[in-house]
Amino acid sequence: MATALITGASRGVGKATAKLFAKAGWDLLLVARSKSDLASLSQELSNTGRKISYKSIDLSEPETISPGLLELLDQDICPSVLINNAGVAWTGDLLKMPLKSWQWLIQMNLTSVFQVCSTVVPLMRDKGGLVINVSSHAARNAFNQWGSYCASKAALASFTKCLAEEESANGIRACTLTLGSVNTPLWDTETVKSNFDRSAMLSSEQAASALLYLAEQPSSQLIEDLTLMPSAGAF
Ligand code: NAP
């Protein structure tokens with residue numbers, strides 16, 4: 001049975017994705033900080049009969065990422081699909097952003113993805129596999145007050161293309177899911193100030209369906225990027 005590793009699985013898009021994948025017959029390796037949220041999700045999914053493993057890893061702490069992942073993978077389970085979904089946002093004047101906040105956001109949205117891929121992809125090469133990086137419409141646009149987020153997601157999209165180019169010889173495919181606004185707890189986080197209409201956003205379940213669609217593509221083809229927008233467009 002195929003296994004997917006999902007980061008940021010404790011809530012929002014990642015949690016909806018874990019639920020949908022388990023229902024579709026996937027075994028799961030789940031990562032986020034909140035051990036209690038991962039434990040209750042794993043409990044909730046126990047009736048699917050799938051094997052669900054999880055590990056609390058703080059992706060903002062570079063030195064904990066590889067050891068944490070290797071512990072999670074130390075059960076002879078190797079994912080065939082790696083979904084780098086965890087991400088954060090920060091709103092405010094670009095040039096007034098504290099350096100520490102900038103470094104945190106870049107660590108979370110870009111560097112941690114590099115670190116997760118560096119640890120997990122070499123283990124996937126034997127059987128081949130797919131890396132899906134969750135990007136944003138912000139990658140292709142300049143949104144006032146969202147500069148660092150736009151820059152981080154643009155860099156992530158470029159990283160993904162480079163990864164696909166380099167790893168294709170090893171049987172690894174890589175793609176992005178580019179999302180417009182999704183109604184998730186991200187909009188309630190301390191670092192985000194916005195009054196967008198949440199009812200007009202995509203649901204986490206819609207984003208999860210797009211991830212399952214990408215994950216289920218045959219290995220002979222690659223959808224390099226799938227862009228999913230709410231029909232209301234960008235806010
Ligand atoms: P969310 O509801 O805020 O969930 C974020 C997830 O990332 C949570 O599971 C959280 O779990 C995890 N996370 C946060 N900080 C972490 C850390 N330091 N270490 C490990 N895990 C951490 O966000 P979402 O809206 O579902 O976003 C998922 C992805 O979609 C992100 O990459 C985001 O940029 C992208 N996206 C979102 C939207 C949107 O409108 N929501 C639009 C486009 C793209 P813990 O707190 O338990 O660690």
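If SER56 passes every condition in (1) over 19 Å from THR111 (Cα atoms); (2) touching a helix residue (DSSP H, G or I) at 6+ places or on another chain (Cβ under 9 Å) but one, which one does it miss? Only one criterion in (1) over 19 Å from THR111 (Cα atoms); (2) touching a helix residue (DSSP H, G or I) at 6+ places or on another chain (Cβ under 9 Å) is unmet by SER56, namely (1).
For the condition under 18 Å from THR178 (Cβ atoms), modelled with pLDDT of 95 or more and out of contact with any helix residue (DSSP H, G or I) (no Cβ under 6 Å at 6 or more places or on another chain), what is the one hit in ASN109, ASN133, ASN85, ASN141?
Working: ASN109 fails: out of contact with any helix residue (DSSP H, G or I) (no Cβ under 6 Å at 6 or more places or on another chain); ASN133 fails: out of contact with any helix residue (DSSP H, G or I) (no Cβ under 6 Å at 6 or more places or on another chain); ASN85 fails: out of contact with any helix residue (DSSP H, G or I) (no Cβ under 6 Å at 6 or more places or on another chain).
Result of the check over ASN109, ASN133, ASN85, ASN141: ASN141.
Across the range 40-72, the qualifying residues are those that are surrounded by 14 or more Cβ atoms within 10 Å (Cβ to Cβ) and aliphatic (A, V, I, L, M), and the one among them that is nearest to the chain's Cα centre (by Cα) is LEU59. Within the range 212-232, residues that are farther than 18 Å from CYS162 by Cα have Cβ atoms under 8 Å from residues that are exposed (fewer than 13 other Cβ atoms within 10 Å of the Cβ) in these pairs: ALA232/ASP197, counting only partners at least 6 apart in sequence or on another chain. If only residues of the range 143-184 that are touching a Gly at 6+ places or on another chain (Cβ under 9 Å), within 13 Å of the ligand (Cβ to nearest atom) and in a helix (DSSP H, G or I) are counted, the one that is nearest to MET124 (Cα to Cα) is LEU156.
Only residues that are surrounded by 24 or more Cβ atoms within 10 Å (Cβ to Cβ), more than 11 Å from the chain's Cα centre (by Cα) and not polar (S, T, N, Q) were counted across the range 1-21, and they come to 3.
Of the listed requirements (1) part of a helix (DSSP H, G or I); (2) in contact with a Leu (Cβ under 6 Å, 6 or more places away or on another chain); (3) among the aromatic types (Phe, Trp, Tyr), TRP90 misses just one: (1). Checking each residue in the range 151-183 for being over 16 Å from VAL113 (Cβ atoms) and surrounded by 18 or more Cβ atoms within 10 Å (Cβ to Cβ) picks out GLY180, SER181, VAL182, ASN183.
The values are calculated or read from the model by the stated rules, or taken from the named source; none is laboratory data. Quick caveat, the model's predicted, so the values are computed rather than measured. Here the Cβ is made from the backbone with ideal geometry for all residues, glycine too, and neighbour counts use every protein chain on show.
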